[in-house]
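Engineer: There's a structure below that I have some questions on.
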Amino acid sequence: MADLFAALDPPAPPERAPGPDVPLADRLRPASLAEVVGQEHLTGPDGAIGRMVAAGRLSSIILWGPPGTGKPTIARLLAAAVGLRFVPISAVFSGVADLKRVFAEARDHARAGRRTLLFVDEIHRFNRAQQDGFLPFVEDGTVTLVGATTENPSFELNAALLSRAQVLVLHRLDRAALDQLLARAEVASDRPLPLTPQAREALLGAADGDGRFLLNQAELLFAAAPAEPLDAPALAAFLQRRVPVYDKDREGHYGLISALHKSIRGSDPDAALYYLARMLTAGEEPLYVLRRLTRAAVEDVGLADPQALQQCLAAKDAYDFLGSPEGELAIAQACVYLATAPKSNAVYRAQKAAWTTAKETGSLSPPKAILGAPTKLMRDLGYGAGYAYDHDAPDAFSGADYWPEELEPRRFYEPTERGFEAGVRERMARWDQLRAERKQYRDCGA
């Protein structure tokens, strides 16, 4: 048996302490799951990973989380904890031939009683057909799949693959976890970071939850060894600016635009401005944001403030005229206007209800009285007969029934008592009263 394993796997190099040329982030890689920071909800005794390790048996999993949160490290430590052979590949650099080779080797090991944990980094980069190729090998136990992705698995992974794997969500590293990493870096380097307390806080904020980025910046500071600790402005000048994590066609895009829309709906102008800033500073197309603001104007403000729509269209014209960055002020103004406007989705709900009824009731004919009669035949058939011209009626309101005979009148639009709609509600109530009075008058034969 040992000879078989020796033939399949080349001998591993002897363990040795990492040399000084090894990056700090690699030197500080955890040696056990207990050393992983920021993911205790998964690696702790009550977490999904902790329970799997305690049971000594893994199921296939997808690790979903932002960059620098320890996905490859967790996969490697998982394999070691339960005694599985660890095989890492990257979807960026691997193709079908690589997968076939990996599966063939895993099958040979499985026959010899040694199971394989296959770690696939950036698994969302495999296309649908390639993802389908994992299914038989996951189902028959040839490999235990651990995939890592920064993108929403619901959008990027096949439903069939998702049904065979448990999705575990890794958290963005918080300040406490990042500070713990910096403390380990100082112990490993045998000296404190050359930063003032305020600059240290600024460095933690600049990391944006990414442990790898934080350790890389710490390594640069140790190598620079400034004569005096850097303050926050000096740190900003020393370190390169970090681009916010944001993919305009992926999870970051959809998450932030949803947060912006919901903050407007919730009448929180400051939160709305924050998410607007997150998107625009990360490079989002301003016209896309304006389209979503316009959608919020008609969906969530509606007729409670009809000027909301005009504000959005004016902001679009202003941005077209001024460009960036000056035109972004007009976008911010429209955003604040929407967030502080009275809210109503009455028109939105009315539109959905009316569309549903139209689909359900088919091609019912309107009453003949309100149909046009451009020909003699149509007039002889009664088209337009008895039409009550509303401007000739008292209050310019005839109270006529405009619904098809087969369909009882329905109420789709229920205006709120907020903003401009409060006046609309009063008018509609008055029309309902007049309609009832005039119907009663006609029913009496007058």
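The values are calculated or read from the model by the stated rules, or taken from the named source; none is laboratory data. All figures in this text were calculated on a predicted structure; none of them were measured in a lab. Glycine gets a Cβ as well: all are built from the backbone with ideal geometry, and neighbour counts include every protein chain shown. Calculation scope for accessible area: heavy atoms of the full protein, side chains included, ligands and nucleic acids excluded. Shrake-Rupley method; radii C 1.70, N 1.55, O 1.52, S 1.80 Å.
Engineer: Given the criteria surrounded by 13 or more Cβ atoms within 10 Å (Cβ to Cβ), touching an Asp or Glu at 6+ places or on another chain (Cβ under 8 Å) and part of a helix (DSSP H, G or I), does Leu313 qualify? Please lay out each step first, then the result.
Structural biologist: Working: surrounded by 13 or more Cβ atoms within 10 Å (Cβ to Cβ): yes; touching an Asp or Glu at 6+ places or on another chain (Cβ under 8 Å): no; part of a helix (DSSP H, G or I): yes.
No: the conditions fail for Leu313.
Engineer: Let me ask something else about it. Taking the criterion of being surrounded by 15 or more Cβ atoms within 10 Å (Cβ to Cβ), over 22 Å from Gln311 (Cβ atoms) and among the small types (Gly, Ala, Ser), would at least one residue in the range 362-377 satisfy it?
Structural biologist: The answer is yes; a qualifying residue exists.
The rows are residues; the columns are (1) at pLDDT below 95; (2) more than 18 Å from Pro153 (Cβ to Cβ); (3) in contact with a helix residue (DSSP H, G or I) (Cβ under 8 Å, 6 or more places away or on another chain).
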{"position": "Pro11", "(1), (2), (3)": "yes, yes, no"}
{"position": "Arg29", "(1), (2), (3)": "yes, yes, yes"}
{"position": "Val36", "(1), (2), (3)": "yes, yes, yes"}
{"position": "Arg57", "(1), (2), (3)": "yes, yes, yes"}
{"position": "Pro72", "(1), (2), (3)": "yes, no, no"}
{"position": "Ala79", "(1), (2), (3)": "yes, yes, no"}
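Engineer: So which residues in the range 281-305 are under 22 Å from Glu151 (Cβ atoms), of a type outside the set (S, T, N, Q), open to solvent by 10 Å² or more (accessible area, probe 1.4 Å) and assigned to a helix (DSSP H, G or I)? Before you say what the answer is, go through the steps one by one.
Structural biologist: Narrowing the range 281-305 to residues under 22 Å from Glu151 (Cβ atoms): 281-285, 288-289, 292.
From the residues that got through so far, the ones that are of a type outside the set (S, T, N, Q) too are 282-285, 288-289, 292.
Okay, now just the ones that are also open to solvent by 10 Å² or more (accessible area, probe 1.4 Å), so 282-285, 288, 292.
Answer for the range 281-305, where residues must be under 22 Å from Glu151 (Cβ atoms), of a type outside the set (S, T, N, Q), open to solvent by 10 Å² or more (accessible area, probe 1.4 Å) and assigned to a helix (DSSP H, G or I): Tyr288, Arg292.
Engineer: Just need a number here: residues in the range 53-74 that are outside any loop (DSSP other than H, G, I, E, B) and within 16 Å of Ala25 (Cβ to Cβ). Can you show your working first?
Structural biologist: To start, the set of residues in the range 53-74 that are outside any loop (DSSP other than H, G, I, E, B) comprises 53-55, 61-64, 71-74.
The next check asks that each one be within 16 Å of Ala25 (Cβ to Cβ); those that pass are 71-74.
Qualifying residue count for the region: 4.
Engineer: Can you name the residue in the range 132-186 that is aliphatic (A, V, I, L, M) and over 23 Å from Arg76 (Cα atoms) and, of all such residues, is surrounded by the fewest Cβ atoms within 10 Å (Cβ to Cβ)? Walk me through how you get there before you give the answer.
Structural biologist: Let us first name the residues in the range 132-186 that are aliphatic (A, V, I, L, M), namely 135, 138, 143, 145-146, 148, 157, 159-162, 165, 167-170, 173, 176-178, 181-183, 185.
If we keep only those that are over 23 Å from Arg76 (Cα atoms) too, we end up with 159-160, 176, 183.
Details: Ala159: 7, Ala160: 13, Ala176: 10, Ala183: 12.
Among those residues, the one meeting the criterion is Ala159.
Engineer: Continuing with this model, one more query. Does Thr416 satisfy being hydroxyl-bearing (Ser, Thr, Tyr), part of a helix (DSSP H, G or I) and either surrounded by 13 or more Cβ atoms within 10 Å (Cβ to Cβ) or at negative phi (or both)?
Structural biologist: On the way: hydroxyl-bearing (Ser, Thr, Tyr): yes; part of a helix (DSSP H, G or I): no; either surrounded by 13 or more Cβ atoms within 10 Å (Cβ to Cβ) or at negative phi (or both): yes.
No, not satisfied.
Engineer: Could you tell me how many of the residues in the range 107-151 are among the basic types (Lys, Arg) and not in a helix (DSSP H, G or I)? Talk me through it step by step, then tell me what you get.
Structural biologist: Initially, the range 107-151 is screened for residues among the basic types (Lys, Arg), giving 107, 111, 114-115, 125, 128.
Checking the rest, the ones that are also not in a helix (DSSP H, G or I) come to 114-115.
The number of residues fulfilling the criteria is 2.
Engineer: Could you go through the range 352-369 and let me know if any residue there is in contact (Cβ under 8 Å) with a residue 40 or more places away in the chain, closer than 21 Å to Gly266 by Cα and part of a helix (DSSP H, G or I).
Structural biologist: no
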